[in-house]
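The next block holds one structure in the form of structure tokens; read it before the comments.
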Amino acid sequence: MVSPDAVRTALGVCGNVISFFLFLSPVPTFIQIWKKKSVGQFSPVPYLATLMNCLVWTLYGLPMVHPNSMLVITINGIGIVIELVYIIIFLIYTNEKKKRLQVLGVVLAEVIFVALLTVLVLTTAHTYTLRSTIVGSVCLVFNIMMYASPLTVMKLVIKTKSVEYMPFTLSLASFANGVIWTSYASIHFDPFIVVPNGLGTLSAVLQLVLYAAFYKSTQRQIAERKAQIGLSEIVVNGGSLSNKATSGGDATTPVSQTTPPHKK
């Protein structure tokens, strides 16, 4: 018979794999940003929230805080690198200097916060249990914030009736990630993992419902936008041809004026 620990380990490995693909799920979004050379209405909030989440969970997994958590360190360490790449791309292609400074300010604040938390925990808490409780509580808060960050995008979806700026791959990966980690933490109950991932699963379900509800209206809006662009090109090209025809008519006038008069 398979032991609960073996099942838990297997779920943990699956959770790491899914988390890795979750980190990669925004890649199509950033390819689109790269092609357009603009961030458009895409928000940096989900990536800033995920970066913060990875930073605190990496701290949680350190041997001096929560022993035997190497998988926590590896997947969140990878997450930190990936999220930083996304943020750098966002900074390159945002046209607003104010937004660029805001994003840089948030990243700096996150790094300072985690550094201060690390020093505080290692110098004032002298047991693994106390350290795990303090850092785990912080992880709980930021995990919830990470899963709640798409609420800003969900609000935009409801307002515009378009899911163009809510990537489907990100929502689906969030759902799978939430289910796996909730199951993992339920075997040996860990509230620091169960609560945020349970809420994350609920958030992802709401996103998928919105995607299903507004997918058709999104396609209709995209089609209308393309039609308007096509019509504008026709108008512009038609105007250019008209101008050329007018210019051609004017060019014949001097010819008739320079025609020598008939002799009587």
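The values are calculated or read from the model by the stated rules, or taken from the named source; none is laboratory data. All of these numbers come straight from a predicted model, not from anything done at the bench. All Cβ positions, glycine included, derive from the backbone under ideal geometry; neighbour counts span all protein chains shown. We work out accessible area using only protein heavy atoms, side chains counted, and drop any ligands, DNA or RNA first. Shrake-Rupley method; radii C 1.70, N 1.55, O 1.52, S 1.80 Å.
Suppose we filter the stretch 171-191 for residues that are closer than 19 Å to Val56 by Cβ and in contact (Cβ under 8 Å) with a residue 60 or more places away in the chain; how many remain?
Number of matching residues: 4.
All but one of (1) in a loop (DSSP other than H, G, I, E, B); (2) surrounded by 16 or more Cβ atoms within 10 Å (Cβ to Cβ) hold for Arg131, so report the exception by its number.
Result: Arg131 passes all but (1).
Each row is one residue, and each column tells you yes or no for (1) aromatic (Phe, Trp, Tyr); (2) closer than 26 Å to Val65 by Cα.
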residue: Arg131; (1), (2): no, yes
residue: Cys139; (1), (2): no, yes
residue: Ile144; (1), (2): no, yes
residue: Lys161; (1), (2): no, no
residue: Tyr165; (1), (2): yes, no
residue: Phe168; (1), (2): yes, no
residue: Phe192; (1), (2): yes, yes
residue: Gly198; (1), (2): no, yes
residue: Leu202; (1), (2): no, no
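Being open to solvent by 60 Å² or more (accessible area, probe 1.4 Å) and either at pLDDT 85 or above or not in a helix (DSSP H, G or I) (or both) is the filter here, so list the residues in the stretch 8-23 that pass it.
Val13, Cys14, Val17, Phe20, Phe21
Could you list, in sequence order, the residues of the stretch 31-77 that are of a type in the set (Ser, Thr, Tyr) and buried (at least 20 other Cβ atoms within 10 Å of the Cβ)?
Those that are of a type in the set (Ser, Thr, Tyr) and buried (at least 20 other Cβ atoms within 10 Å of the Cβ): Tyr47, Thr50, Thr58, Tyr60.
Quick one: in the stretch 34-47, of everything that is part of a helix (DSSP H, G or I) and under 26 Å from Asn143 (Cβ atoms), which residue is modelled with the lowest pLDDT?
Only one residue fits best here, namely Pro46.
Looking only at the stretch 166-182, how many residues end up being in contact with a helix residue (DSSP H, G or I) (Cβ under 6 Å, 6 or more places away or on another chain) and open to solvent by less than 50 Å² (accessible area, probe 1.4 Å)?
The qualifying residues number 11.
Of all residues in the stretch 148-170, how many are part of a helix (DSSP H, G or I) and more than 20 Å from Ile75 (Cβ to Cβ)?
12
Within the stretch 88-102, count every residue that is basic (Lys, Arg) and open to solvent by less than 100 Å² (accessible area, probe 1.4 Å).
Qualifying residue count, the stretch 88-102: 2.
Looking at (1) basic (Lys, Arg); (2) farther than 30 Å from Ser19 by Cα; (3) modelled with pLDDT of 75 or more, which one does Lys216 not meet, given that it meets all the others?
(2)
So how many residues does the stretch 132-170 have that are more than 16 Å from Tyr60 (Cα to Cα), modelled with pLDDT of 85 or more and among the polar types (S, T, N, Q)?
The qualifying residues number 2.
Taking the condition of being open to solvent by 90 Å² or more (accessible area, probe 1.4 Å) and closer than 17 Å to Glu83 by Cβ, how many residues in the stretch 105-128 meet it?
Count: 1.
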